[in-house]
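Written out below as structure tokens is the structure these notes cover.
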Amino acid sequence: MTRTKPISPNRRTSVDTESIVAALPIGLLVVDEHGIVLTTGGIAENLLQMSRSSIEGKSLAQIFGENSPLVGLMKKAGANLNTVMEHDMRLCARKDNTMIVDGQVTPLLDTSEGFLITLQSRQIPNIVGQQDSVKAASKSVSGLAAMLAHEIKNPLSGIRGAAQLLVRRAAEDEKKFPKLICREVDRISGLVNDLEAFTDPKPHATQAVNIHEVLNHVSDVAKAGFASQIALKAIYDPSLPVLAGNYDRLVQVFLNLVKNGAEAIGDREGGELKLTTAYRSGLWVGGEGEKRRKLPFEITVEDNGGGIPLDIIDHLFEPFVTGHEGGTGLGLALVAHFVADMDGTIECENSDEGAIFKVHLPAYVEPPLEKPTPENQKQKRMKHD
């Protein structure tokens, strides 16, 4: 049996405490008895989307607001001189950054002269859980689509041909019903065409894509058509590098998400859609038996259309699930399918005014240069000749 050699208590580690604290996957805030932030650690900057210099020296009330649940949690910890915690706290460090976190406040040295605050984002487990749902939905639709495309499209063309023949032969006042048949056949054909998008077995090449070019194109299409009466607001990070994806599929993804938001808003006054891009350096995903992937690109589509019904929000990316009257429930399932094919994730949640969809995608990495070998050198010479 192999024995593990004990580590000597006198052995010094080369990793300093500051490096360990910086690597923690939680946000750390050390505050004094007045709630003034003295120092930060972990992923606090990334979580709050604020620089360290803009956090330190400010009070919790200045950062999160006087009525923030975190301020109340600190007061409770000070009154009890004990650790207190709260799950699923909604914090807003900036107007465009609302987060759901698990918070814990611990008094320092059993006094009320300072506190250690830890913030654990609820976003990561939500992403992993929703990604599993996305993959399951994608697989189920693929099998269903293949069957429907084969069994339905052929007889549909025969039905439509017969209906067109009836239109030509019928008297003017009798053409209503064969025309109705033609319209319904066209509607069903469109539905099957949407389903066929799930069965495409061809791998789509990953390209270096400028996401802002994609979003600008989507915005132009939306403004010229279904979102002409809705305010489209772009909040872009101009410093973003290129991401890894497929341009055409990304256009389809965000066109569907923007259209979904526009349908949720409907005719209500003050309708607004926000498209936001950001770089989240600390986001990694990957389940059991799956390679962990870094997904630093976050693209957000947010509407003020009233939100997603709670009874369907956990199944929104499954086929035939929809909260819109007359919807097929395939648009978001197709979005999930395309995003999963690009090694990304998508999640949704309700905000105070509507719904938020967040797409996370990988960065583009230049492929390594091919090392010269006798075989590929020979192939190059043959091509040249």
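The values are calculated or read from the model by the stated rules, or taken from the named source; none is laboratory data. Computed from a predicted model, the values in this text were never measured in an experiment. Heads up, the Cβs are rebuilt from the backbone with ideal geometry, glycines too, and the neighbour counts pull from every protein chain shown.
Things worth noting here:
- Taken over region 163-176, the criterion of being under 19 Å from SER189 (Cβ atoms) and either in contact (Cβ under 8 Å) with a residue 60 or more places away in the chain or surrounded by 12 or more Cβ atoms within 10 Å (Cβ to Cβ) (or both) is satisfied by ALA163, GLN164, LEU166, VAL167.
- Boolean, ASP267 is charged (D, E, K, R) and within 21 Å of HIS337 (Cβ to Cβ): no
- Considering region 350-379, and only residues there that are surrounded by 12 or more Cβ atoms within 10 Å (Cβ to Cβ) and out of contact with any Gly (no Cβ under 9 Å at 6 or more places or on another chain), the residue that is modelled with the lowest pLDDT turns out to be ALA363.
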